[in-house]
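So the structure is just underneath, and the comments pick up after that.
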Amino acid sequence: MLKCVSPVDGRVYVERPLSNGAAIEAALAKSVSAGAAWRATPLPERQAVLTRAVAAFVAKGAAIAQELTWQMGRPLSQTPGEVRGFNDRASYMIDIAPQALADIQPAAKDGFRRYIRREAHGVVFVIAPWNYPYLTSVNAVIPALLAGNTVLLKHSHQTPLCAERYAEAFREAGLPEGVFQYLHLSHADAETAMRDARVGFVAFTGSVAGGAAVQHALADRFVGAGLELGGKDPAYVRADADLAHALENLVDGAFFNSGQSCCGIERIYVHDKLYDAFVDGFVDLTKKYRLGDPTKAETNLGPMVRASAADFVRGQVSEAVARGARSLVDASHFPANREGSPYLAPQVLVGVDHSMRVMSEETFGPAIGIMKVKSDAEAVALMNDSEYGLTAAIWTKDAEAAATLGAQLETGTVFMNRCDYLDPALAWTGVKNSGRGCTLSSVGFESLTRPKSFHLRLNT
């Protein structure tokens, strides 16, 4: 049985039976059977069905937001943003599909007709995480369906209702049966499904270890996998930065969703001219958070997903302090903070360096280390000193400087004066241990299709 234990109060919020081998076989057979007709469906009709599905989903936004809070702990004051983000991304991908999926026409050649067509893989197996359960899965589910694939979704055991909400919206929109399905699966059975010859592509979002497991499962098959993995995303505050703006955005970038964001800010480098003022301002804003019951309107910092995750962050912080770092936030300032529980006070550390896990290992929680730097070159070297490369953010008034520094950064996305954000018009991708492949933008459709060339000789 799948049991979703709510971090809000520790009770079992959702319980579902796990699918077995027979259910996997039936789902794959149904996906393949439905695939031919769906691929033959004209793109405008696919767009219309998915537009109706998005509308059906958004219409239930209040209930979806509430159950999301109970499943993974994000405050109810913030979970409606996930519904809005789902709508924005899905709508954008539906709109650009005709251009993204259009035939590629090389230069004209007398006597020949030549073009490259994007064809569906067949069955796309999507494995989605709990931290942004809709905003991660929508990146693959909607464009995969637009491209003519069928989709089989396995959602996190922490957020099983998200898979069911997809199915509900697609059913109300009139999506043909078998085009989208979900299964609640164990890790072992998920690997079994991936290995099946009927799966043409795997879209995975999760940990580095999980990505390695996907690679291992697919090692004997020549199929693609998109892997969006971990991050240890840095920010650099230059001497010319707007201090107030940098503080507001970086505190939010570090602590939104209790720091449980793949592209959340996990380490900050500040030019020495602004360092003292930045640290003071960062601590002041951090102390204004209200940690507590995420179903209450006044709460803006909820529990972490589970007690073990909070204990992991506590361990990183304790180790850093033992090695000379200083913690600047007294946890007693947050009465809801409780040892051994998912409720964890935010923490700000100074006197840190890259020998400490809190500056090198993904934290995925509300703790941030801040280091002083003397130059752009020092900041770039430290930002690149990581096994991860998802996003990096630069705060400056000089766009040319940001572009120049950004070109030197080993990362999938470079931000200037913002962070922790996905623009659906831009490619979402990572380097190093942050994964491979791409979602969003017109480029995101490329991995969900395969190119097929047509070379037609007109005169014989």
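Values quoted throughout were computed directly from the atomic coordinates according to the rules given, and no laboratory measurement underlies them. Keep in mind the model is a prediction, meaning the values are calculated, not measured. All Cβ positions, even for glycine, are placed from backbone atoms using ideal geometry, and neighbour counts span all protein chains on display.
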Which FRET efficiency value, to the nearest 0.05, do you get for GLU400 and HIS354 by plugging their Cβ-Cβ distance into 1/(1 + (r/R0)^6) with R0 = 35 Å?
0.75
Per residue of the stretch 80-90, what does 6.51 cos²θ - 1.76 cosθ + 1.60 with θ = phi - 60° give for ³J(HN,Hα)? Whole Hz please, x for Gly and Pro, Karplus curve as stated.
x, x, 5, 5, 5, x, 4, 4, 4, 5, 4
Part-to-part distance (alpha-carbon centres) for the stretch 1-55 and the stretch 184-254, which is given in Å
20
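Where the only charges are on Cβ atoms (+1 Lys, Arg; -1 Asp, Glu), what is the dipole of the stretch 330-455 about its Cα centre, to the nearest 20 debye?
380
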I want the antiparallel fraction of DSSP beta bridges within the stretch 233-423, as a percent rounded to 5.
10
Determine, for each peptide in 411-420, 331-340, 136-145, the mean count of other beta carbons within 10 angstrom over its residues, then list the peptides with the highest first.
136-145, 411-420, 331-340
Taking the reciprocal of mean 1/r across every pair of different Cα atoms in the stretch 126-181, the Kirkwood radius in Å is 11.3
Charge sum, other residues only, whose C-beta stays under 12 Å from GLU164's C-beta, Lys/Arg counted +1 and Asp/Glu -1:
+2
Peptide ranges 252-259, 304-311 listed from the most packed, as the mean C-beta count within 10 angstrom indicates
252-259, 304-311
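Enter the mean projected area of the convex hull around the alpha-carbon atoms of the stretch 315-416, in nm², rounded to one decimal.
Hull-based average projected area comes out at 7.6 nm².
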Where the Cα atoms of the stretch 57-194 are projected onto their three principal axes, how long is each span, largest first, in whole Å?
63, 35, 26
Whole-number Å³ per residue for the convex hull built on Cα positions in the stretch 233-423
111
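What ratio of Cα Rg to 2.2 N^0.38 Å holds for the chain? Display every interim value, and only then the final one.
Values: Rg = 23.1 Å, N = 460, 2.2 N^0.38 = 22.6 Å.
Taking N as the residue count of the chain, the ratio is 1.02.
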Scalar couplings 3J(HN,Hα) for the stretch 317-328 by Karplus 6.51 cos²θ - 1.76 cosθ + 1.60 (θ = phi - 60°), nearest whole Hz, x for Gly and Pro, are 5, 4, 4, 4, 5, 5, 9, x, 6, 10, 8, 9
quick note, the stretch 313-460, DSSP beta bridge pairs, % antiparallel (nearest 5) is 40
Amide H within-cut-off set for TYR343, under 5 Å, with H built and near neighbours excluded:
MET304, ARG338
Under a cut-off of 18 Å between alpha-carbon atoms, report the aspartates and glutamates in cross-link reach of LYS60, not counting same-chain residues fewer than 8 places apart.
GLU82, ASP88, GLU164, GLU168, GLU172
Anchor LYS232: aspartates and glutamates whose Cα lies under 17 Å away (excluding residues fewer than 8 positions away in-chain)
ASP252, GLU266, ASP353, GLU361, GLU362, ASP385, GLU387, GLU410, ASP420
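Could you sort 37-44, 366-373, 108-115, 4-11 so that the peptide with the highest average Cβ count within 10 Å comes first and the rest follow in order?
366-373, 4-11, 37-44, 108-115
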Along the stretch 256-268, what does the Karplus equation 6.51 cos²θ - 1.76 cosθ + 1.60 (θ = phi - 60°) give for ³J(HN,Hα), rounded to whole Hz, x for Gly and Pro?
4, 6, 6, x, 8, 10, 4, 10, x, 6, 10, 7, 10
Set of lysines near LYS452 by C-alpha distance (under 26 Å), chain-local residues within fewer than 8 positions excluded
LYS30, LYS109
Given a Förster distance of 35 Å, the FRET efficiency implied by the Cβ-Cβ spacing of ASP330 and THR192, rounded to the nearest 0.05, works out to 0.10
Percent antiparallel among DSSP beta bridges confined to the chain, rounded to 5, stands at 35
Under-5 Å amide H pairs with VAL126, H placed in peptide plane, nonlocal only:
LEU152, LEU153, LYS154, ALA203
Let a ≥ b ≥ c be the square roots of the eigenvalues of the Cα gyration tensor of the stretch 113-223; is it rounded (a/c under 1.5), or, if not, prolate (a/b larger than b/c) or oblate?
oblate
Tail weight of P(r) past 22 Å, computed on alpha-carbon pairs of the stretch 1-136, percent:
59
For ILE24, net neighbour charge (Lys/Arg +1, Asp/Glu -1) across residues whose Cβ lies under 9 Å away:
-3
